[in-house]
Amino acid sequence: MKKDAARPWFILLLAAALLQATPAIAQKYGGLLNWLLEDSPPSLSIHENATIVVTGPMMPVYNNVVLFDQLQARESFESIVPELAESWRWNDGGKLLIFKLRQGIRFHDGKPFTGRDVKHTFDVVRGASRTTLKASPRKLWYANVAEIATSGDHEVTFRLKRPQPSLLAMLASGYSPVYPAHVAPAELRTRAMGTGPFRFEEYVRDRYIHVARNSEYWVRGRPYLDAIRSHIVNKKAARFAALASMQVDVDGPAITTKPDMEALKRMAPGLSFRPTTRTSFTNVVFNTKRAPFDNSRLRQAVSMALERPGFIKSVFQGGMVPGGINMPPPDGIWGLAQEMLVMLPGYGDIQRDRQEARKIMTSLGYTEDSPLRVTLNTRTSPVYVDAAVWTASELKQIWIAAEVKQLESSLWFNTLNKRDFTIALNSTGFGVDDPDVALFENYACGSLRNYSDYCNPLLEKLFEQQSMTADMARRQQMVWYIENVLLNDVARVVYGFRINYNAMWPYVRNLVPHQTNFSYSRMQEVWLDK
């Protein structure tokens with residue numbers, strides 16, 4: 001009896017010994033990583049754009065002061081690591097953020113990196129420099145920065161008007177690379193140049209973007225890859241074929257939906273998939289400065305007409321999580337839980353909500369025989385178009401006749417920025433899972449990415465109060481209150497947060513998708529096991 005009982009322990013000890021004797025898979029150098037983009041970028045300048053088709057292929061060219069750990073899927077304050085900074089510290093009660101910078105780093109043209117480049121970059125982004133950007137989508141990220149000062153070449157200090165712990169997380173986003181002070185921002189739209197693991201080589205519009213290994217990269221032994229080619233393929237069928245035939249190794253960031261995954265499984269059984277709920281939400285935006293959607297009651301009717309669970313089931317086959325302003329738990333930290341969401345119009349009893357929506361439409365003079373006719377603009381991406389067509393179909397039930405109009409990406413972002421629409425179906429991502437990003441960027445008065453131009457100055461004061469609140473439980477309560485106000489006032493209609501299924505061949509190693517899909521493509525740790 002004792003002999004038989006001891007046998008499993010012997011087996012376990014033997015297995016442990018064998019595991020220790022088995023060497024870990026050694027990283028391999030070389031190879032070209034091929035991945036996909038679904039569209040051409042408006043330009044190559046990360047700081048002037050708000051789309052994954054820019055950050056995805058351009059992150060490998062740059063470095064940040066700090067960065068979210070590329071090998072951790074969940075981004076948090078704990079996953080922030082130094083990059084161009086060697087270390088950092090907070091002083092003056094959280095109003096001074098001081099970085100000690102690494103020495104000996106050079107840009108791809110050989111010029112040395114110093115604190116002057118950090119100061120230049122973020123002074124330009126926040127509009128505190130004579131040098132300007134064509135557009136600055138994240139200008140409000142730095143509205144609380146009073147001054148950026150250097151002390152010698154290797155120390156830089158961000159002086160804040162009030163404490164703001166989230167600044168460090170915003171600097172860790174893939175949206176926050178350090179630009180060279182000696183190169184005009186206009187030049188970086190067509191020839192990206194940073195200190196990163198890969199050098200920009202070539203961009204052929206509508207075909208590909210090519211970056212090659214920086215042999216003088218400051219991180220010893222990195223990168224592993226020789227080059228990365230981002231293939232621009234607009235047609236879904238062509239992307240599927242390229243993946244199935246191994247012409248490409250990875251589907252691009254934010255492309256693979258649940259229906260796509262099911263189709264690819266049938267075409268290429270060997271593909272692997274890594275589901276990740278993203279800080280990117282599908283939403284309907286209104287031009288609140290233009291009739292008829294300057295009327296909040298009409299916006300409320302639209303919100304009540306659109307059934308979130310039905311949308312998720314029909315358009316994404318379940319590959320989306322219902323949500324509001326912030327990403328909901330458990331994937332997000334700050335958003336409303338599902339039991340809170342179902343109490344809001346559009347998230348709960350759809351029959352009751354639509355009945356109330358028709359009463360509003362009747363009071364505004366619309367009927368089945370005399371509907372409100374609008375153009376519903378969207379981007380020429382299958383995910384956008386499918387969502388827009390479903391939205392238009394559902395709006396018929398409350399006597400809104402919406403004609404879907406598709407715009408190429410080059411026109412789409414310009415249309416949003418200029419507010420040249422009445423109502424639009426969009427997919428919006430925020431670069432950090434923090435209320436300071438979600439609120440200020442998408443709902444603050446005057447923000448470029450506040451596409452609805454919704455403005456509530458009193459509520460915006462609460463944006464600031466939650467930002468400087470150190471007690472996380474108290475901050476959470478404030479954020480939930482703000483979210484309820486925004487959803488009830490229908491600053492936007494939010495369907496939910498997409499799950500991306502991240503298709504890649506198993507031989508691609510160390511490419512770890514994050515819930516913030518704008519921040520995981522530095523690529524210095526990625527290698528090919530083939």
**Study point:** Test for Ser45: is it surrounded by 15 or more Cβ atoms within 10 Å (Cβ to Cβ) and without any contact (Cβ under 8 Å) to a residue 12 or more places away in the chain
**Key:** no
Exercise for review: Check every one of the strands (runs of 3 or more DSSP E) wholly within region 319-409 and list those with 2 or more residues that are surrounded by fewer than 17 Cβ atoms within 10 Å (Cβ to Cβ) and modelled with pLDDT of 95 or more.
Suggested key: 372-379, 400-407
Review point. Which residues, taken from region 252-304, are out of contact with any Leu (no Cβ under 9 Å at 6 or more places or on another chain) and aromatic (Phe, Trp, Tyr)?
Key: Phe281, Phe293
Point to revise | Inter-residue pairs, beta-carbon under 9 Å, first free of Cβ contacts under 8 Å to residues at least 60 places away in the same chain and in region 438-451, second in a loop (DSSP other than H, G, I, E, B) and buried (at least 20 other Cβ atoms within 10 Å of the Cβ), 6+ apart | key: Cys445/Tyr454; Asn450/Ala444; Asn450/Ala491
**Study point:** Within region 206-246, considering residues that are surrounded by 20 or more Cβ atoms within 10 Å (Cβ to Cβ) and among the hydroxyl-bearing types (Ser, Thr, Tyr), the one nearest to Thr55 (Cα to Cα)
**Key:** Ser230
Check your understanding: Does Phe497 count as out of contact with any helix residue (DSSP H, G or I) (no Cβ under 6 Å at 6 or more places or on another chain) and of a type in the set (Phe, Trp, Tyr)?
Key -> yes
Practice item. For region 415-437, enumerate the residues that are free of Cβ contacts under 8 Å to residues at least 12 places away in the same chain and within 16 Å of Ala50 (Cβ to Cβ). Key: Lys418
Point to revise | Condition check for Ile148: surrounded by 14 or more Cβ atoms within 10 Å (Cβ to Cβ) and under 19 Å from Val526 (Cα atoms) | key: no
Check your understanding: For region 487-511, how many residues are closer than 28 Å to Asn295 by Cβ and of a type in the set (Lys, Arg)?
Key -> 1
Exercise for review: Could you please give the count of residues in region 234-283 that are in a loop (DSSP other than H, G, I, E, B) and not acidic (Asp, Glu)?
Suggested key: 18
Point to revise | Only listed residue being buried (at least 21 other Cβ atoms within 10 Å of the Cβ) and under 27 Å from Val512 (Cβ atoms), chosen from Arg138, Arg102, Arg74 | key: Arg138
Check your understanding: Of (1) without any contact (Cβ under 8 Å) to a residue 40 or more places away in the chain; (2) buried (at least 20 other Cβ atoms within 10 Å of the Cβ); (3) hydroxyl-bearing (Ser, Thr, Tyr), Tyr203 satisfies all except one. Which?
Key -> (1)
Point to revise | Candidate set: region 499-524, residues that are hydroxyl-bearing (Ser, Thr, Tyr) and out of contact with any Phe, Trp or Tyr (no Cβ under 6 Å at 6 or more places or on another chain); chosen: the one surrounded by the fewest Cβ atoms within 10 Å (Cβ to Cβ) | key: Tyr507
Practice item. Given the conditions (1) touching a residue at least 12 places away in the same chain (Cβ under 8 Å); (2) assigned to a helix (DSSP H, G or I), report the number of the one that Arg498 does not fulfil. Key: (2)
Check your understanding: Regarding Glu464, is this residue over 28 Å from Ala357 (Cβ atoms), acidic (Asp, Glu) and under 23 Å from the mean Cα position of the chain (by Cα)?
Key -> yes
Review point. Can you name the condition, by its number, that Asn417 falls short on among (1) closer than 21 Å to Ala337 by Cβ; (2) part of a helix (DSSP H, G or I); (3) under 19 Å from the mean Cα position of the chain (by Cα)?
Key: (1)
Review point. Does region 52-67 contain any residue that is in the same structural domain as Ala146 (by TED's automatic domain parsing), without any contact (Cβ under 8 Å) to a residue 40 or more places away in the chain, in contact with a Ser or Thr (Cβ under 7 Å, 6 or more places away or on another chain) and under 23 Å from Glu155 (Cα atoms)?
Key: no
**Study point:** Filtered residues of region 107-135 (kept if surrounded by fewer than 18 Cβ atoms within 10 Å (Cβ to Cβ) and basic (Lys, Arg))
**Key:** Lys111, Arg116, Arg130, Lys134
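The values are calculated or read from the model by the stated rules, or taken from the named source; none is laboratory data. In this text, all values refer to a predicted model and were calculated from it rather than measured experimentally. Glycine gets a Cβ as well: all are built from the backbone with ideal geometry, and neighbour counts include every protein chain shown.
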